[in-house]
Ligand code: NAD
Ligand code: MLT
């Protein structure tokens, strides 16, 4: 009997080779499905593979009568209704490690771009403006980087920022003073980190507890002139509060890779000159996309053939 696997977001062709190689698996790639057409078709499939674009809602899951497994080629599973999947006995697997390096590198690129106004200066020069005074930046050396969420990506960012001679201070409910000391970084509560930092970068998952973790109250605690980076998930930072904090001069700049609603083409934050942004590119490298697609593809092949999934 052949299993039918649907891939509904663009995934690396090399990465999905384990699925193509499996004799008992038929792969369909359809990356142009609307929510309605996915709901119509999902009943034919045993497995669904997605990145972050496809919203695997309760409505879709309820129509997925044959579905056994959902594979998320990446870390965040916030685009999948986990409660609905659990109720229907559908296992959800992700690829937690494959894009860590890419996301950490992107965060450092955003940090450096923010400090030196590189995107703004580039844009001005492309429009024939030679603006040396306007784009004076700040050094990273001896500045404090506050990291909220010291998991896989947060820890990699810390290691790299140390290379820029920054002081690191982190908050994570699972971080202890002892562990922080071993890593050569400072440890603080969330308010302590917010108060001490010149730059703040968030690396938590998007959960009920972390939605708007960085809100009006949090901005009040920060230094005037702080700069903020979000390469984790839209929604961890309250976008309305960030907008106000920039307009009031509390926040001097923000670098955003992610937004509460994506695609975020007309977002009002993008109108502010203090905001630099990329369209959710943290994991968009050849290497990361191959890694995550391989990891979920292998898990799906193994699971459909009666084995255990590695990353449930
Ligand atoms: P991870 O699970 O390894 O780390 C998350 C950390 O956040 C954990 O250490 C956890 O203890 C901590 N945390 C949880 N609740 C917290 C709270 N209330 N306050 C502070 N810390 C808290 O995850 P990761 O692989 O490091 O990924 C981090 C984030 O980056 C996720 O949101 C993920 O979806 C996102 N991500 C984005 C991209 C991108 O393309 N921009 C790429 C990869 C990952
Ligand atoms: C992730 O959570 O892994 C990221 O959002 C990366 C992505 O899916 O593009």
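Does residue 1 satisfy the criteria of being modelled with pLDDT under 95 and either away from ligand 2 (no atom under 16 Å from the Cβ) or farther than 22 Å from residue 262 by Cα (or both)? Yes, satisfied. Within the range 52-69, the set of residues being within 18 Å of residue 91 (Cβ to Cβ) and within 16 Å of ligand 1 (Cβ to nearest atom) comprises 54, 56. So is residue 50 crowded, with 23+ Cβ neighbours inside 10 Å and touching a residue at least 12 places away in the same chain (Cβ under 8 Å) or not? Yes: the conditions hold for residue 50.
For residue 292, the requirement of being under 21 Å from residue 99 (Cα atoms) and in contact with a strand residue (DSSP E or B) (Cβ under 8 Å, 6 or more places away or on another chain) is not met. Listed by position, the helices (runs of 4 or more DSSP H) inside the range 216-312 whose residues that are away from ligand 1 (no atom under 16 Å from the Cβ) and surrounded by fewer than 19 Cβ atoms within 10 Å (Cβ to Cβ) number at least 2 are 216-221, 239-247. Remark: residue 193 matches the filter, which requires a residue to be more than 16 Å from ligand 2 (Cβ to nearest atom), surrounded by 20 or more Cβ atoms within 10 Å (Cβ to Cβ) and under 13 Å from residue 149 (Cα atoms). Remark: residue 136 falls outside the filter, which requires a residue to be modelled with pLDDT of 95 or more, within 16 Å of ligand 1 (Cβ to nearest atom) and either more than 19 Å from residue 278 (Cα to Cα) or out of contact with any helix residue (DSSP H, G or I) (no Cβ under 6 Å at 6 or more places or on another chain) (or both). For the range 193-209, filtering for residues that are over 16 Å from residue 110 (Cβ atoms) and either touching a helix residue (DSSP H, G or I) at 6+ places or on another chain (Cβ under 9 Å) or within 11 Å of ligand 1 (Cβ to nearest atom) (or both) leaves 9. Return yes when residue 104 is touching a residue at least 24 places away in the same chain (Cβ under 8 Å) and more than 16 Å from ligand 1 (Cβ to nearest atom) and no when it is not. For residue 104, the condition - touching a residue at least 24 places away in the same chain (Cβ under 8 Å) and more than 16 Å from ligand 1 (Cβ to nearest atom) - is not met. Restricting attention to the range 12-26, does a residue exist that is closer than 27 Å to residue 149 by Cβ and touching a residue at least 60 places away in the same chain (Cβ under 8 Å)? Yes, that holds for at least one residue.
The values are calculated or read from the model by the stated rules, or taken from the named source; none is laboratory data. It should be emphasised that the depicted structure is a prediction, and the values quoted were computed from it without experimental measurement. Heads up, the Cβs are rebuilt from the backbone with ideal geometry, glycines too, and the neighbour counts pull from every protein chain shown.
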